[in-house]
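Working notes, beginning with the structure itself.
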Amino acid sequence: MNKSDFWNNVYKSKNFDAVSWYADRLDTSLELIENNCSQKDNSIIDIGSGRSTLVDDLCALGYKKLTLLDVSEEAISQTLRRLGNSPISISTIFGDISKITVQENLYDLWHDRAVFHFLTEESQRNKYVQNLKRSLKKNGIAIIATFGPDGPDKCSGLNTMKYDKTTLHAELGDDFQILGSKIEYHQTPFNTSQQFIYCWFKFNIK
Ligand SMILES: C[S@@+](CC[C@H](N)C(=O)[O-])C[C@H]1O[C@@H](n2cnc3c(N)ncnc32)[C@H](O)[C@@H]1O
């Protein structure tokens, strides 16, 4: 099964709150976005946006230029349906971030919660980082949350990688300055806990 079919199937077969990564509100993501990208007309892309309510909350906070990217059309369709008549038009990109080529120099902020850790092959990670560098503006911010050093080995039956701030920074390279990191314990809907690490970076060259 290809990636798109796999994730479409997850979103067609499981309720909103029946996936391990479900959270009512992505509080840490929102706090980091507000702290690092306070201009409401800055462009933000959410990589592997899934059905997360981040976009609802960013709209409510007044952010005006939002893009959702996901390999699952089903996830994006469900999100757009939920949003209904959104006050702003939301851009969407369907595609595998480790394969497609995104447009250049578009975004002030790149957000990824729980996608990068699925890229188990070096070539996939290289393409992801190429896309990140291509689409982020100079001095843009990347906020990336992956499984932490004590996180799970799998998610949805797929193998996952685990990172700490040093190994995640090494994946992105020296063009990124690390601004901070935070370990977070995510409580799944199944009463288990998963260790995540949030790292945030500034893109220093272009
Ligand atoms: C674990 S979910 C996280 C969803 C959302 N970020 C959240 O925090 O609720 C991973 C999401 O990434 C998407 N995804 C997985 N691999 C991807 C890839 N290579 N390119 C783009 N999206 C991907 C999946 O369809 C899914 O929506």
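The values are calculated or read from the model by the stated rules, or taken from the named source; none is laboratory data. What you see is a predicted model; the values in this text were computed from it and never measured. In this analysis, Cβ positions are derived from the backbone assuming ideal geometry, glycine residues included, and neighbour counts consider all displayed protein chains. Just so you know, the surface numbers come from the protein's heavy atoms only, side chains and all, with ligands and any DNA or RNA stripped out. Shrake-Rupley method; radii C 1.70, N 1.55, O 1.52, S 1.80 Å.
A few comments on the model shown:
- Restricting attention to segment 74-117 and to residues that are more than 10 Å from the ligand (Cβ to nearest atom), in a strand (DSSP E or B) and in contact (Cβ under 8 Å) with a residue 40 or more places away in the chain, the residue that is nearest to the chain's Cα centre (by Cα) turns out to be 110.
- Residue 144, sole failed condition from (1) surrounded by fewer than 21 Cβ atoms within 10 Å (Cβ to Cβ); (2) part of a strand (DSSP E or B): (1)
- Residue identified as open to solvent by 10 Å² or more (accessible area, probe 1.4 Å) and in contact with a Leu (Cβ under 7 Å, 6 or more places away or on another chain) among 113, 134: 113
- Considered as a group, the residues in segment 49-66 that are in contact (Cβ under 8 Å) with a residue 40 or more places away in the chain and in contact with a Leu (Cβ under 7 Å, 6 or more places away or on another chain) include one that is farthest from the ligand (Cβ to nearest atom), and that residue is 54.
- Restricting attention to segment 5-48, the residues that are part of a loop (DSSP other than H, G, I, E, B), among the polar types (S, T, N, Q) and more than 11 Å from the ligand (Cβ to nearest atom) add up to 4.
- The listed residue being among the hydrophobic types (A, V, I, L, M, F, W, C) and in contact with an Asp or Glu (Cβ under 7 Å, 6 or more places away or on another chain), out of 197, 183, 178: 197
- Residues in segment 160-179 that are touching a residue at least 40 places away in the same chain (Cβ under 8 Å) and in a strand (DSSP E or B): 1 in all.
- On the stretch given as segment 50-69, residues that are open to solvent by 10 Å² or more (accessible area, probe 1.4 Å) and either within 13 Å of the chain's Cα centre (by Cα) or at positive phi (or both) total 5.
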